[in-house]
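A quick write-up on the structure given underneath.
The values are calculated or read from the model by the stated rules, or taken from the named source; none is laboratory data. Values in this document were obtained by computation on a predicted structure and should not be read as measured data. Counting neighbours? That spans all protein chains shown, and the Cβs are built from the backbone with ideal geometry, glycine included.
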Amino acid sequence: MDEIAFVKSNVQNQQLIKKIRKYNDSLAFKSLFQKYLPVVCNSITRYHFRFLEIEDLVQEARLVCYQDVLAYKLKSQVSFGKFFQRSLRNHYCSLLRKENASKRQQEKYAESFEEVLENRRDYSVSLTSFSYYPLSILIAQEQLQEAIEYLSEMEFEIMYLLMVEHQTPERIAAELEKETIQIKRAISRCHKKISETIQKK
């Protein structure tokens with residue numbers, strides 16, 4: 001999107017937001033949400049929900065969008081689209097965290113760790129690789145299940161990207177708009193929390 005189109009889109013968003021806030025305009029909200037439906041669909045596909053229906057996830061996205069309409073600062077340097085995308089990512093990650101905390105997800109984690117173990121030889125043993133952290137060896141699916149309860153939403157998202165999507169700390173940092181050192185420290189904290197959980201068993 002070029003600069004002119006970006007500015008035009010942002011102006012349109014602000015006009016819709018004002019209508020929604022002032023008149024609770026359902027048509028304005030429908031128009032705004034429809035504009036970011038591709039973002040919603042991409043997020044649903046990315047996070048691999050197993051027990052939530054697509055219709056439910058779209059409804060969750062509508063709620064997030066409406067909350068963002070009320071919370072968004074019109075003079076912000078961040079576009080509404082970026083603001084909504086970040087909020088939706090955090091919300092879906094929170095839902096996924098709750099879903100994965102259920103015992104129904106044990107099979108999913110067993111499969112995830114089996115895949116990590118099978119592909120472990122493809123990862124170099126370094127600080128930037130998952131194999132540096134012996135989670136795939138130390139953690140049984142039930143132990144991981146319990147350990148997740150002690151991770152913050154941000155820590156869970158980082159570990160999900162690291163373990164399930166096999167992203168590097170550098171790529172995770174870019175996606176979450178954090179410094180690489182912050183991501184590495186978060187991974188280290190997660191490793192410590194999970195290790196402590198295992199030692200208590």
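Tabulated data for the structure shown
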quantity	calculated
Selection status of LEU57, more than 22 Å from LEU16 (Cα to Cα), at pLDDT 90 or above, within 18 Å of the chain's Cα centre (by Cα) and not acidic (Asp, Glu)	yes
Selection from segment 19-34 of residues that are free of Cβ contacts under 8 Å to residues at least 12 places away in the same chain and assigned to a helix (DSSP H, G or I)	LYS19, LYS22, TYR23, SER26, LEU27, LYS30, GLN34
Qualifying helices (runs of 4 or more DSSP H) (wholly inside segment 123-201; at least 1 residues being under 19 Å from the mean Cα position of the chain (by Cα) and either surrounded by 15 or more Cβ atoms within 10 Å (Cβ to Cβ) or at pLDDT 55 or above (or both))	141-148, 153-163, 169-176, 180-199
Test: residue in segment 85-100 that is more than 23 Å from LYS193 (Cα to Cα), surrounded by fewer than 16 Cβ atoms within 10 Å (Cβ to Cβ), modelled with pLDDT of 90 or more and in the same structural domain as GLN12 (by TED's automatic domain parsing)	yes
Filter pass, LYS73 being modelled with pLDDT of 90 or more and in a loop (DSSP other than H, G, I, E, B)	yes
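To keep it simple, each residue is scored yes or no on (1) without any contact (Cβ under 8 Å) to a residue 24 or more places away in the chain; (2) more than 14 Å from TYR36 (Cβ to Cβ); (3) out of contact with any Asp or Glu (no Cβ under 9 Å at 6 or more places or on another chain); (4) of a type outside the set (Val, Ile, Thr).
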| position | (1), (2), (3), (4) |
| --- | --- |
| PHE51 | no, yes, no, yes |
| GLU60 | no, no, yes, yes |
| LEU63 | yes, no, yes, yes |
| LYS82 | yes, no, yes, yes |
| TYR92 | no, no, no, yes |
